[in-house]
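First up is the structure itself, then whatever we jot down about it.
The values are calculated or read from the model by the stated rules, or taken from the named source; none is laboratory data. Please read these numbers as outputs of a predicted model, since none were measured by experiment. Reconstructed Cβ throughout: ideal geometry from the backbone, glycine too, with neighbour counts over all protein chains shown.
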Amino acid sequence: MKECIFYYISLIVGLSLLLYFAPKEYFTSRKLVKTGIKTEGTVVDMVRSRSSKSYPKRKYPVFEYRDRSGRVNRYERKSTSIFDRLKLGDVTDLVYDPVTKVARQDSFYGLYVGPLLIFLIGSIFTLVGRAGVLGNLE
């Protein structure tokens, strides 16, 4: 019985990731590419990840950028990568939406890796849940 509940929960979580969260992130990125305003951002801080007990050196960058009106805004990227070589003072391209204040790094990693990872994780949960539910029906 507990296995059956696990499979149904896996299926629900996987389908919600696949059908809601991954498309939401993808379409946000797509909207930024089409209608967003490109600017340059400077790394002004490196914030230690809150969940980095096993990786104490993991930090994610905080960018400052100026919008069209000249106001300084901050964008904190909530993810990091072992391939990320950003340091304090580095300048990088950003794209932002002036209405929603959503900003992302103007690169494949900044725009599309998040939705791809959500899609991949959702697919795994969905396949595990589907296999378990169909296996319990027989």
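Some observations on this one:
- Residue within segment 111-118 that is touching a Leu at 6+ places or on another chain (Cβ under 8 Å) and either modelled with pLDDT of 90 or more or not in a loop (DSSP other than H, G, I, E, B) (or both) present: yes
- Pair list, Cβ < 7 Å and 6+ apart or interchain, from segment 12-24 residues that are more than 21 Å from GLY132 (Cβ to Cβ) to residues that are part of a helix (DSSP H, G or I) and among the aliphatic types (A, V, I, L, M): PHE21/ILE118; ALA22/ILE118
- Among the residues making up segment 82-115, those that are under 27 Å from THR35 (Cα atoms), of a type in the set (A, V, I, L, M) and free of Cβ contacts under 8 Å to residues at least 60 places away in the same chain are LEU86, VAL91, LEU94, VAL99, VAL113.
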